[in-house]
Amino acid sequence: METRRPRRGGKKRFLLPLALLCLAVLLPGALLPPSASASSSSPAVGGGSRKRRWVGFDYYVLALQWPGTICRETSNCCDTNGCCRSKPLKWFTIHGLWPQYNYGGWPSCCRPTKFNINKILMLMPILEKYWPSLYCGSSSTCFGGRGPFWVHEWETHGTCAYPEIQDEYDYFSTALYLYSKYNVTKALRKAHIRPASGRKYAVGHIVAVIEYAFGAMPSLVCKNGSVQELRLCFHKDYQPRDCTLETGTAPNSRSYCPRYVTFPSYKPSVMANTTEGISNQASKPMVSYTSTSASEQRLGLQVLK
């Protein structure tokens, strides 16, 4: 039995999705609801692209990527690139969880820290599947370094969510919790918007579907007429809120979304064509995708199938 979407301003009730229960069984204690502080009462204004030094923050953006838009341009493969897996990714993957300011811009690189991968070892099978890097090579990190994609997201954005988010485990588990609870791919499919089908969909319809499902307006980022990112916004108590107007909504912007957009599919590149990146990842903990998939099937975990 499904709950009806309440009227705006009314009391909201959410049923805990089965996927969350399954995740909790798969990783006991991994995806508990994050602790929340009081949400900001400041009115939202137009967004911006300005980075600022950390002075707290007002809300979160959960940025989700549509792999087809990125992976169809993949020319080189490496073992760290999710586009190069034998089976294409047919669900939105996580780009990051980003603290933002109401008046525009966002904090970045807020606290010097050394990434501790041991704190997220129990999350890695799910991170590999739903939060993969879609590129080869290392990402820039704070203070002049380079490292894996997860290190970049934690140092650049995660460190700025303190004290709401305390460490690496808090950051990645909070993002996974929101990603699973507010299942964008499932909401779109329920409305007969089926990514990778090759059809064009009205941007207004996509936005309306997500707003109806979650009670708040998302924002879209596009590339060459295809959805590249869909972003959900949350108060600091992790309740949905409307996303502010993106600066990329101008028609001459590179991230502008036309009236109708696509969710492109792609054919995975062949790993055998190149060995780029493999030698640099020799010490990376290996994750068994087969065992992860088997665990999901055994537990009935259908997060984004």
Using the heavy atoms of the protein chains and a 1.4 angstrom probe, tell me the accessible area per residue for segment 59-262 in square angstrom.
39 Å²
Convex hull of segment 59-262 built on C-alpha atoms - directionally averaged projected area, nm²
11.6 nm²
Arrange the peptides 197-204, 91-98, 136-143 so that the one whose residues have, on average, the most other Cβ atoms within 10 Å appears first.
91-98, 136-143, 197-204
For a protection proxy built on the mean count of beta-carbon atoms within 10 angstrom, sort 167-176, 256-265 highest first, please.
167-176, 256-265
What the Cα atoms of segment 164-252 span along the principal axes, largest first and in whole Å, is 41, 31, 22
At R0 = 30 Å, FRET efficiency that the Cβ-Cβ distance of Phe143 and Ile117 yields, to 0.05:
0.95
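The values are calculated or read from the model by the stated rules, or taken from the named source; none is laboratory data. From a predicted model like this one, the values you see are computed outputs, not experimental measurements. A quick note on method: Cβ atoms are made from the backbone with ideal geometry, for glycine too, and the neighbour counts reach across all protein chains shown. Calculation scope for accessible area: heavy atoms of the full protein, side chains included, ligands and nucleic acids excluded. Shrake-Rupley method; radii C 1.70, N 1.55, O 1.52, S 1.80 Å.
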